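The values are calculated or read from the model by the stated rules, or taken from the named source; none is laboratory data. Just so it is clear, the model here is predicted, and its values are computed rather than measured. Note that we place each Cβ from the backbone using ideal geometry, even for glycine, and neighbour counts take in every protein chain shown. Please note that ligands, DNA and RNA were not included when accessible areas were found on the heavy atoms of the full protein model with its side chains. Shrake-Rupley method; radii C 1.70, N 1.55, O 1.52, S 1.80 Å.
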Amino acid sequence: MRSIRVAAPGDGLAVARLMSYVANDEVRPDSPMIRAIEKRGGVVPVRYGQVACLVAEVEGEVVGMVHTAPPVDWLATFPKNRARALAQRILQIELLAVDPEHRGQGVGQALLESAENRLLDQRGHLVYAKVRAGDYPVMRWYRRRGYTIAAQGQSVLINTTQGLTGIEDCGDGYQLAAKAVQPGTKIERFQDQGSEHLIAARSA
């Protein structure tokens, strides 16, 4: 099997092509976002934390990418100090794309593991992606990599110094795929006042 290298992007055209494929829209290689990603080595500061873009290369060809960010809109609902603290603990996979000709070769898994390791490096706890409701192949793909799929409208909770805090899918036709990345933790289901939630908890 050919070696997969995950690194900061150096080819804006390749990044734009992959983003366009997923978004079904034109993403220009000279767009401000692409230029910022290239200039800053794949990492761009945002209001709470960092947006990161990494690409997978096989024999020097860009064949996949992962774009991650703190959940900025959700964080904006908290006071600034708390939002900054939460941004260090939670990471959203905003976009994970693999060139169709290179699927089934471990490219997506290498990208996902790189994103998880970045979160671990900053002592984070929870990584999640939004999966279109009913997209069972993608759900199965995440499940095989240790993710738990929330039902539509179901919260994923984490413990904070101020109690339990939850992320929801916002009722926009997506479901959350979540994983606790710290050693000795996992996502569990629990009932609270007749409602089921997911929680990132320490394993027994």
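Some notes on this structure:
- Choice from Ala180, Ala36, Ala110 showing the highest fluctuation, given a GNM over the chain with Cα pairs closer than 10 Å: Ala36
- Probe 1.4 Å - accessible area at Glu57, Å² to nearest ten: 40 Å²
- Once backbone amide H atoms are built at 1.01 Å from N, Val43 has Cys53 as its partners under 5 Å, excluding neighbours fewer than 5 places away on the same chain.
- Overall, segment 63-181 carries a charge dipole of about 360 debye about its Cα centre when +1 sits on the Cβ of Lys and Arg and -1 on the Cβ of Asp and Glu, all other atoms neutral.
- Residue of Gln122, Gln162, Gln182 that the Gaussian network model of the chain assigns the largest fluctuation, springs spanning Cα pairs under 10 Å: Gln162
- Cα-based reach from Lys186 at 20 Å (exclusive), listing lysines while leaving out same-chain residues under 8 positions away: Lys130
- Selected from Asn159, Asn117, Asn81 as most flexible by GNM, with the chain as the system and alpha-carbon contacts under 10 Å: Asn81
- Residue-averaged 222 nm ellipticity for the chain, from DSSP H runs of 4+ at -39500 (n - 2.57), nearest 500: -7500 deg cm²/dmol
- Taking the protein heavy atoms of segment 14-126 in the context of the full set of protein chains, the accessible area attributed to carbon and sulfur is 46 percent at 1.4 Å.
- Length-normalised contact order for the chain - Cα pairs under 8 Å, 6+ apart - percent: 15 percent
- Amide hydrogen proximity for Thr160: with H placed 1.01 Å from N in the peptide plane, the residues at 5 or more positions away or on another chain lying under 5 Å are Thr165.
- Net charge dipole size for segment 119-159 [Lys, Arg +1 and Asp, Glu -1 on Cβ; Debye, nearest 20]: 140 debye
- Probe 1.4 Å, all protein chains present, accessible-area order of Lys130, Lys179, Lys80, largest first: Lys80, Lys130, Lys179
- Lys, Arg +1 and Asp, Glu -1 on Cβ, resulting dipole of the chain about Cα centre, debye, nearest 20: 660 debye
- Net charge of Cβ neighbours under 12 Å - reference Ala201; Lys, Arg +1; Asp, Glu -1: +2
- Taking every DSSP bridge with both residues inside the chain, close to 90 percent are antiparallel.
- Here's how it looks for Ala133: its modeled amide H is under 5 Å from those of Tyr174, Gln175, which are all 5 or more places away or on a different chain.
- Signed unit charges on C-beta, dipole axis of segment 41-139, positive-most listed residue Ala83, Pro100, Ala52: Ala83
- Surface analysis of segment 60-204 yields an accessible area of 51 Å² per residue, using protein heavy atoms and a 1.4 Å probe.
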